[in-house]
Amino acid sequence: MKDVVKKSAWLLALGSLALLAGCNSFKKKNIEPPTPLDKHFTPTVQVSKVWTARIGDGAGISGVRLRPTVVDGVLYAVSTDGKIAAFDAASGKQLWEKTTKVKKGWFGFGGKKGKAIPDGSYAGSPAVAGNLLAVGTLDGYVYGMNPKDGSPLWSSELDSEVTAAPAISGDLVIARTQDGRVYGLDAATGKRRWVYDQGTVPSLSLRGYGTPLAANGVVFIGSDDGKLVALRQDNGEKLWEQRLANGDGRTDIERLDDADGTILLDGSTLYGSAYHGDLTAIDGPSGRPLWSHPFSTYTSLSLGGSALYGVDDQGEVWAFDRSSGSDMWKDAKLKYRWLTGPAVQGNYVVVADAYGFVHWLQTSDGALAARIRLSKKPIQAQPLVVGDTVYVEDVKGHIGAYRLAAH
């Protein structure tokens, strides 16, 4: 069953890749061309490149969204070709790198009778807390490592791909897999403590990227059938679930309703969204919805000040009032450019696109304020803002660190 789930997921990744390729050629009538960038654009804020580096071949054509992690001044990054490395987050100097052999075959799979062979095809972004670095792989493993040098601590075999970053909370590592399961693993040994199985997953779904959110003894996840689910952290028992999308439609594609973005928590209020669904605010303790707004997205949201920011499935950037859900502004200047999820950097919203550009929009009204190009390769992972620096990674493993000039 493990191999069947993974192969179907890869078919979806290839479909996404073909769609992206179609975005470049526009030979199909149902593919909208990207909105051209204004050649006469004058930036209103200066962006400076702090450093650039590279980690292996990045995500390659796997379809996963590899995003770096920054903890205590160190940036950690992985690639699907078996590399994991740490960089000084301020200078970009590489501190260490480890390379794990990747088995050749169907995107890292091999062996007799289609059995997956353990390898270093890292697919979930790394998570770091204390003396533990945890990362998942395409062949269904979670590895525990020492973040100081990348030396191995333990490995845990799961039942399907780990395409989302694990979460580390106390003595537990929480990982979700492509087949709809969520695992609680002992942080010291990797031993499985509990498993939550959401049951039947849709026959067609997007690839699950949302990192589990662990807070106040509860784990929150978005499901492949458009729900926000709350689990007890100590045993994985379901506490409640709330639907973010209704799954209506005549075809499987129309019924796609994955909740793949990261769940956000502000005080006791949760914010979640789904493809072909709604943007919803939920009371965390009870699971009771506070408000909802029609909003279809397959990327993560971001909070900043009194606003909640998101990118819809057409590439339009939105700002919503976080207390009521009413929309504050919408910007369509980057429509159909296959944007990442947004991040907030001071008074600006940062998004990146499928053509290697990074864009800054004013949080006040969505006006474009600056742009810079990391490379000519697609950027699929949400930018990461830490302090005054934003980190961006493209699908070939190029990482850029940028700062805004002080006013």
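The values are calculated or read from the model by the stated rules, or taken from the named source; none is laboratory data. Treat the numbers as computed from the prediction; the structure is a model and nothing was measured. Backbone-built Cβ (ideal geometry, glycine too); neighbour counts: all protein chains shown. Accessible surface is based on the protein model in full, side chains and every heavy atom, while ligands, DNA and RNA are left aside. Shrake-Rupley method; radii C 1.70, N 1.55, O 1.52, S 1.80 Å.
Quick notes on this one:
- Count of residues meeting criterion [modelled with pLDDT under 90, farther than 20 Å from Thr177 by Cβ and touching a Leu at 6+ places or on another chain (Cβ under 9 Å)] in region 84-142: 0
- In region 267-306, the residues that are of a type in the set (Ser, Thr, Tyr) and more than 22 Å from the chain's Cα centre (by Cα): Ser268, Ser286, Ser292, Ser306
- For region 370-387, the set of residues classified as small (Gly, Ala, Ser) and either touching a helix residue (DSSP H, G or I) at 6+ places or on another chain (Cβ under 6 Å) or surrounded by fewer than 23 Cβ atoms within 10 Å (Cβ to Cβ) (or both) consists of Ala370, Ser375, Gly387, listed by residue number.
- Residues satisfying the stated conditions in region 350-369, i.e. more than 17 Å from the chain's Cα centre (by Cα) and of a type in the set (A, V, I, L, M, F, W, C): Phe357, Trp360, Leu361, Ala367, Leu368, Ala369
- Applying a threshold of 7 Å to beta carbon distances and a minimum spacing of six or more residues, or different chains, the list of pairs starting in region 38-67 at a residue that is closer than 17 Å to Tyr402 by Cβ and touching a residue at least 12 places away in the same chain (Cβ under 8 Å) and ending at one that is among the polar types (S, T, N, Q) and open to solvent by 50 Å² or more (accessible area, probe 1.4 Å) reads Trp51/Ser91; Ala53/Gln94.
- Failed condition for Lys28, given (1) under 23 Å from the mean Cα position of the chain (by Cα); (2) under 30 Å from Gln314 (Cα atoms); (3) at pLDDT below 50: (1)
- Of all the criteria given as (1) within 17 Å of Ala307 (Cβ to Cβ); (2) surrounded by 20 or more Cβ atoms within 10 Å (Cβ to Cβ), the one not satisfied by Gly346 is (2).
- Of all residues in region 185-225, those satisfying the criterion of being touching a strand residue (DSSP E or B) at 6+ places or on another chain (Cβ under 6 Å), outside any strand (DSSP E or B) and either hydrophobic (A, V, I, L, M, F, W, C) or at pLDDT 95 or above (or both) are Ala187, Thr189, Gly190.
- Selection of region 264-288 for residues being more than 18 Å from Thr211 (Cβ to Cβ) and open to solvent by less than 40 Å² (accessible area, probe 1.4 Å) yields Thr269, Gly277, Leu279, Thr280, Ala281, Asp283, Gly287.
- The combined condition, being open to solvent by less than 50 Å² (accessible area, probe 1.4 Å) and of a type in the set (D, E, K, R), is not fulfilled by Asp327.
- In the set (1) surrounded by fewer than 18 Cβ atoms within 10 Å (Cβ to Cβ); (2) at pLDDT below 95; (3) not acidic (Asp, Glu), the condition left unmet by Leu301 is number (1).
- Residue in region 152-176 that is least open to solvent (accessible area, probe 1.4 Å), counting only those that are of a type in the set (S, T, N, Q), in contact (Cβ under 8 Å) with a residue 40 or more places away in the chain and out of contact with any Asp or Glu (no Cβ under 6 Å at 6 or more places or on another chain): Thr163
- Val390 surrounded by 22 or more Cβ atoms within 10 Å (Cβ to Cβ), free of Cβ contacts under 8 Å to residues at least 60 places away in the same chain and on the phi < 0 side of the Ramachandran plot: yes
- Selection of region 52-80 for residues being on the phi < 0 side of the Ramachandran plot, touching a helix residue (DSSP H, G or I) at 6+ places or on another chain (Cβ under 8 Å) and open to solvent by 20 Å² or more (accessible area, probe 1.4 Å) yields only Ile61.
- Test: residue in region 44-51 that is surrounded by fewer than 16 Cβ atoms within 10 Å (Cβ to Cβ), modelled with pLDDT of 90 or more, out of contact with any His (no Cβ under 9 Å at 6 or more places or on another chain) and of a type outside the set (Ser, Thr, Tyr): yes
- Here is the figure for region 280-289: residues that are outside any strand (DSSP E or B) and more than 13 Å from Ile263 (Cβ to Cβ) total 3.
- Exclusive hit being in contact with a His (Cβ under 8 Å, 6 or more places away or on another chain) and over 19 Å from Glu32 (Cβ atoms), set Gly272, Gly304, Gly325: Gly325
- Only one entry of Ile372, Ile399, Ile379 meets the criterion of being more than 17 Å from the chain's Cα centre (by Cα) and among the hydrophobic types (A, V, I, L, M, F, W, C), and that entry is Ile372.
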